[in-house]
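Contents: one structure, followed by commentary.
The values are calculated or read from the model by the stated rules, or taken from the named source; none is laboratory data. Note that the structure is a prediction, hence the values are computed from the model and not measured. Reconstructed Cβ throughout: ideal geometry from the backbone, glycine too, with neighbour counts over all protein chains shown.
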Amino acid sequence: MPTALEASPGERLRTLRDLLGLTGTSLAELSGVSPSWISQVETGAREPSDDRLRKIAEATDTPPGFFYVQPATVPLDSLRFRKMASASRTVTRRVSAFYQEGFRITEEVTGRAKYPAPPLPYATEASLSDDAIEEFAARTREALRLAPDKPIPHLTRALERAGVAVAPIVLPDPSGDTPSPTNKHFGVSYWAGIAETALIAYFPGPNGDRDRFTLAHELGHLVLHTFRPRAADPEGEANRFAAALLVPMERAKEELTDRLTLEGFARRKATWGVSIQALILRGAAVGNINEARKRSLYVQLSQKGWRKQEPVEVGQEHPLLIWSLLTRLYGERPYIPAAEDLAIQPAVLRSMAPQPTPRARPLDTAETERNNVVSLGARRRERPNGLQAL
């Protein structure tokens, strides 16, 4: 039975439905427990019985301890989402449930393994100028032990080595194993504060450059908004931070000039791992590209069909930290023992800590600089690469 420090089974039951994308009726059909009983337990109108919770646990392949474990202490109003304004509220609720469970697991495994907390800088000022955001981006590069003026070969690995956990989100479809659409969501993040856990979660997309920008954007939220929760324009600030982190000011001034053609921007994309559209905006932000030139470049992008499908593939990055800690704590096949011990639905654990396999090579600066002269009409192919040890 739950203790005073544990969540009510009713609240955890609702969390489980959100995680799996199940309505009360669909969960009832799956488990054989009546919809009215589920509804009454969730609203607190009825005390749950262990035998019915056990039936639900068995039907959903969930450890029974899930209903009694203490949830993560992540204030819902502190979560920062990178999503479109038209994103589905239902999917947002699922993402919130997934993230909170992911944060709980991350806190637990990093704590047990004594993995260091991230040494991130943080803003406290009421308002931030563009120059201040540039400075925080530079300080963050220093905290991540990155060169101050060079491309970031593997942003995910830099974050993980510094103690910022990264987790992909793949929401299981209620009717099977096919992932549900993200419905215009990109990422979500939270940092518990100085010497505490930080987790960035993201929806892996088909484009490595989009994922890298999402990670940099969410990192911007951690640095700029953990202690400034009421910033006037948090999304705009996070976007400016991401651009400044990925393409530092001095290099942007040198390379992103108004004389650069779209083909030139594509070559810069291969070097920096940043989309052509984001590079154009970065050139404008540092004062090299005026409004008329920016409009002209975007018209050319549309004419070439590059607004929807840009040339030059940027290799996708794959997280490793949480998987590595699970194997350290539970052995080479960690999912079954870890799911039981951590009281987490196994599909959720597999999503947030996928087993690494030889996949796309992370962006390699030296190689991409050598290949800048290749035909930009041809898409770069990803090459297999063994994941690096932390």
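Some notes on this structure:
- Condition check for ALA4: in a loop (DSSP other than H, G, I, E, B), touching a His at 6+ places or on another chain (Cβ under 9 Å) and at pLDDT below 95: no
- Selection of the stretch 256-301 for residues being of a type in the set (D, E, K, R) and crowded, with 20+ Cβ neighbours inside 10 Å yields ARG267, ARG268, LYS269, ARG282.
- Check on ARG139, out of contact with any strand residue (DSSP E or B) (no Cβ under 6 Å at 6 or more places or on another chain) and surrounded by 21 or more Cβ atoms within 10 Å (Cβ to Cβ): no
- Of all residues in the stretch 245-269, those that are part of a helix (DSSP H, G or I), within 26 Å of the chain's Cα centre (by Cα) and touching a residue at least 40 places away in the same chain (Cβ under 8 Å) total 5.
- Qualifying positions in the stretch 293-327 - within 28 Å of the chain's Cα centre (by Cα), of a type in the set (A, V, I, L, M, F, W, C) and part of a helix (DSSP H, G or I): LEU301, LEU321, ILE322, TRP323, LEU325, LEU326
- Unmet criterion (only one of (1) surrounded by fewer than 20 Cβ atoms within 10 Å (Cβ to Cβ); (2) touching a helix residue (DSSP H, G or I) at 6+ places or on another chain (Cβ under 9 Å); (3) assigned to a helix (DSSP H, G or I); (4) basic (Lys, Arg)) for ARG228: (3)
- Condition check for LEU325: surrounded by 21 or more Cβ atoms within 10 Å (Cβ to Cβ) and over 19 Å from LYS150 (Cβ atoms): yes
- Residue pairs whose Cβ atoms lie under 8 Å apart, separated by 6 or more positions or on different chains, with the first residue in the stretch 87-109 and touching a residue at least 40 places away in the same chain (Cβ under 8 Å) and more than 17 Å from PHE66 (Cβ to Cβ) and the second among the charged types (D, E, K, R) and not in a helix (DSSP H, G or I), are ALA87/LYS184; SER88/LYS184; THR92/LYS83.
- Candidate set from the stretch 328-353 (those that are touching a helix residue (DSSP H, G or I) at 6+ places or on another chain (Cβ under 9 Å) and in a loop (DSSP other than H, G, I, E, B)); member that is modelled with the lowest pLDDT: GLN345
- Residue in the stretch 101-133 that is farthest from the chain's Cα centre (by Cα), counting only those that are in a helix (DSSP H, G or I) and surrounded by fewer than 20 Cβ atoms within 10 Å (Cβ to Cβ): ASP131
- For the stretch 19-59, filtering for residues that are on the phi < 0 side of the Ramachandran plot, modelled with pLDDT under 95 and in a loop (DSSP other than H, G, I, E, B) leaves 7.
- Filtered by the rule that a residue be touching a residue at least 60 places away in the same chain (Cβ under 8 Å), within 17 Å of ALA238 (Cα to Cα) and either part of a loop (DSSP other than H, G, I, E, B) or of a type in the set (D, E, K, R) (or both), the stretch 270-292 gives VAL274, SER275.
This table checks each residue for (1) of a type in the set (S, T, N, Q); (2) in contact (Cβ under 8 Å) with a residue 24 or more places away in the chain.
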{"position": "VAL41", "(1), (2)": "no, yes"}
{"position": "ARG54", "(1), (2)": "no, no"}
{"position": "ASP61", "(1), (2)": "no, yes"}
{"position": "PHE66", "(1), (2)": "no, yes"}
{"position": "GLN70", "(1), (2)": "yes, yes"}
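- Of all residues in the stretch 140-160, those being of a type outside the set (Asp, Glu), in contact (Cβ under 8 Å) with a residue 24 or more places away in the chain and part of a helix (DSSP H, G or I) number 7.
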